[in-house]
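What follows is a short report on a single structure.
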Amino acid sequence: MRRRYAVDETTDTYAQFVRGEAPTWDLDTPWSRTIRTKTDDGASVGRVRIVDHPPTTGQLYLLAHAEKNAALGEDVRNMWRDDAYRVNLPDEDFWIFDFHIVAVCIFADDDNLTGAELITEPAAVTQYNRLRDVAQHYAVPYQEFAANMTAKEA
């Protein structure tokens, strides 16, 4: 849901991106190896990213970054912020682990991640699973989203 993530702006790939270069994705980081192992073993890993109109630089970087996520086996989707609000998605970032643990991300005013609230209460977890399902239903695969965005700008 965020318009930028401060941590992204510290990476070499972000610097490449803002210079107009194609980022060089490292598919052999510890995170990359973990996700690749999970998806190769059949686990479902995915994300929905919310995009403003017009997109921020950080959101455009994440759209480019989806190439790396997809190469690791993730299902990456995007949707416009107006559409997210229309279907009542909350204005918060969260991760769901194994359908029964939710981590709601906590950010400082400078867009740095400072922690997470872990939720395990079954009714609350069920609500977050429902929100994930709504987001996935209305979002489109990142390739389609990027192509439509480029076509609208042309």
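The values are calculated or read from the model by the stated rules, or taken from the named source; none is laboratory data. The model shown is predicted, which means the values in this text are computed figures rather than measured ones. With ideal geometry, Cβ positions are generated from the backbone for all residues, glycine too; neighbour counts draw on all protein chains shown.
Overview of results
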read-out	value
Qualifying position, being crowded, with 18+ Cβ neighbours inside 10 Å, at pLDDT 95 or above and over 21 Å from Asn112 (Cα atoms), among Ile50, Ile35	Ile35
Residue satisfying all of: in segment 1-20; under 23 Å from His53 (Cα atoms) and among the charged types (D, E, K, R); surrounded by the fewest Cβ atoms within 10 Å (Cβ to Cβ) among these	Arg19
Residue within segment 81-88 that is of a type in the set (Phe, Trp, Tyr), over 22 Å from Leu113 (Cβ atoms) and surrounded by fewer than 17 Cβ atoms within 10 Å (Cβ to Cβ) present	yes
Qualifying residue in segment 117-134 (condition: closer than 23 Å to Ala6 by Cβ, more than 14 Å from the chain's Cα centre (by Cα) and outside any strand (DSSP E or B))	no
Extreme residue, surrounded by the fewest Cβ atoms within 10 Å (Cβ to Cβ), among residues of segment 89-99 that are more than 21 Å from Asp52 (Cβ to Cβ) and modelled with pLDDT of 95 or more	Trp95
Some residue of segment 101-115 being closer than 21 Å to Gln59 by Cα, without any contact (Cβ under 8 Å) to a residue 40 or more places away in the chain, loosely packed, with under 13 Cβ neighbours inside 10 Å and among the polar types (S, T, N, Q)	yes
Within segment 100-114, tally of residues that are part of a strand (DSSP E or B) and under 17 Å from the mean Cα position of the chain (by Cα)	7
